[in-house]
1. Report yes if Glu223 is free of Cβ contacts under 8 Å to residues at least 40 places away in the same chain, among the acidic types (Asp, Glu) and at negative phi, otherwise no.
2. Return the residues of the stretch 5-26 that are under 21 Å from Asp49 (Cα atoms) and among the aromatic types (Phe, Trp, Tyr); say none if nothing qualifies.
3. Tell me the residue from Glu340, Glu333, Glu347 that is touching a strand residue (DSSP E or B) at 6+ places or on another chain (Cβ under 9 Å), farther than 22 Å from Gly238 by Cα and of a type in the set (D, E, K, R), please.
4. Please state which of the following conditions Gln47 fails to meet, knowing it meets all the rest: (1) surrounded by 15 or more Cβ atoms within 10 Å (Cβ to Cβ); (2) at pLDDT below 95.
5. Look through the stretch 205-259, keep the residues that are polar (S, T, N, Q), out of contact with any Asp or Glu (no Cβ under 7 Å at 6 or more places or on another chain) and part of a loop (DSSP other than H, G, I, E, B), and return whichever of them is nearest to Ala352 (Cα to Cα).
6. What are the pairs, 6+ residues apart or on separate chains, where a residue within the stretch 335-355 that is under 9 Å from Arg325 (Cβ atoms) and assigned by TED's automatic domain parsing to the domain that holds Gly317 has its Cβ under 7 Å from a residue that is part of a strand (DSSP E or B) and hydrophobic (A, V, I, L, M, F, W, C)?
7. Restricting to the stretch 112-121, name every residue that is touching a residue at least 40 places away in the same chain (Cβ under 8 Å) and of a type in the set (A, V, I, L, M, F, W, C).
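The values are calculated or read from the model by the stated rules, or taken from the named source; none is laboratory data. None of the values given here were measured: they were computed from a predicted structure. As a convention, Cβ positions derive from the backbone with ideal geometry for all residues, glycine included, and neighbour counts pool all protein chains shown.
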Amino acid sequence: MKLLEYEAKRVFAEYGIPVPKGAVIRAPEEVAAHMEDLGDGVVLKAQVDVGGRGKAGGVLMADKATAVATARELFSREIKGVPVREVLAEERLPIEHEYYVSIAVDRSSKQPVVLFADAGGVEIEKMAAEDESAVRRVVVSPLLSDIPPFLMRELLGDAPKELAPVINSLYHVFQGKDAMLAEINPLVTTARGVYAADAKLIVDDNALARQGITVNRDLSEREREAEKHGFSYVELDGTIGVIGNGAGLTMSTLDLIEFYNGRAANFLDVGGGADQERVMYAVRLVASMPKVKVIVVNLLGGITRCDEVAKGIIAAGVEPTVIVRMAGTNEEEGRRLLAECGYRMLESMDAAVRAAMEVAE
């Protein structure tokens with residue numbers, strides 16, 4: 001789950017990372033009460049969970065005379081389709097230089113990787129693509145509680161050594177908060193010291209309970225519903241719904257749709273041993289997606305009974321066309337039930353996907 005900037009900065013401050021003075025406001029007039037503490041110049045930042053917020057008009061500068069009017073303007077905007085409900089008002093820092101630092105999971109080495117660049121406030125992917133040497137990286141063993149000094153020197157190069165304690169504290173945040181990503185962009189130097197001018201923190205969804213987070217805000221309503229029923233579910237943007245049992249079979253169905261130049265609407269794995277009720281909820285969930293024109297149900301009955309699958313499909317009673325490929329335990333009974341209700345059944349996954357393509361088109 002991704003934290004908003006002000007939430008991430010609160011965490012950073014707890015770990016000793018200097019952050020600018022700031023206050024969260026939920027109405028334009030509230031900024032006036034904080035101006036004395038924030039100084040003559042302020043930065044107003046929309047607290048929305050979108051990338052490229054600054055370029056999209058989500059970060060505005062103001063002074064005492066214009067702060068309320070500027071805040072009102074920001075609250076009236078939508079940033080990439082997301083309305084602004086909260087704004088972080090911060091002091092304007094006297095920035096001397098901007099840097100970039102982030103820590104993420106390197107999936108190839110299965111260890112934390114620290115990235116550092118001498119230029120901050122930029123699109124790091126674009127910069128790295130244009131000049132690989134512009135971004136330095138070191139891999140740190142997760143068994144270490146600190147970034148070793150020799151790796152820190154390699155990371156910083158000619159950058160000020162005063163950045164090292166902040167980067168090390170960011171590593172502590174990454175470890176302590178079960179993070180998938182901890183990022184400061186930009187990390188700035190000023191005459192007063194080093195500050196995290198921005199903050200990004202993404203907590204591993206599997207560790208939310210351990211971190212005391214009870215609600216995953218990143219989930220859509222359908223994803224919450226899927227979580228409640230224990231489905232493995234991912235929303236995509238196509239028109240062909242997919243339901244399978246087992247991650248491999250479900251992924252193979254998605255791959256075949258892609259092979260035939262189709263677009264899957266979702267990934268939904270009902271798991272092994274799915275009964276009538278579980279299948280019914282799965283079919284209704286996928287059918288509730290606005291773009292779905294057809295649903296492919298592709299299940300192999302081992303501990304899953306095909307007659308229970310058939311009953312679930314029938315009980316769902318959804319509007320989109322449902323095309324079924326199933327084989328295994330109680331297959332004949334399942335086919336009989338579906339045939340009586342007019343459902344289309346095919347012998348192979350390939351045939352089912354091609355039939356779904358015809359309906360979707």
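1. yes
2. Pass one, the stretch 5-26, residues under 21 Å from Asp49 (Cα atoms): 5-13, 19-20, 22-26.
Tyr6, Phe12, listed by residue number.
3. Glu347
4. Evaluating Gln47 over (1) surrounded by 15 or more Cβ atoms within 10 Å (Cβ to Cβ); (2) at pLDDT below 95 leaves (2) as the failure.
5. Ranking the qualifying residues of the stretch 205-259, first place goes to Thr239.
6. What qualifies is Met345/Val324; Leu346/Ile323; Ala352/Val296; Ala352/Ile323; Val353/Val296.
7. Passing the criteria: Val114, Phe116.
The rows are residues; the columns are (1) touching a residue at least 40 places away in the same chain (Cβ under 8 Å); (2) under 18 Å from the mean Cα position of the chain (by Cα); (3) loosely packed, with under 15 Cβ neighbours inside 10 Å.
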| site | (1), (2), (3) |
| --- | --- |
| Leu201 | yes, yes, no |
| Ala207 | no, yes, yes |
| Ser232 | no, yes, no |
| Asp237 | yes, yes, yes |
| Ile240 | yes, no, no |
| Ala247 | no, no, yes |
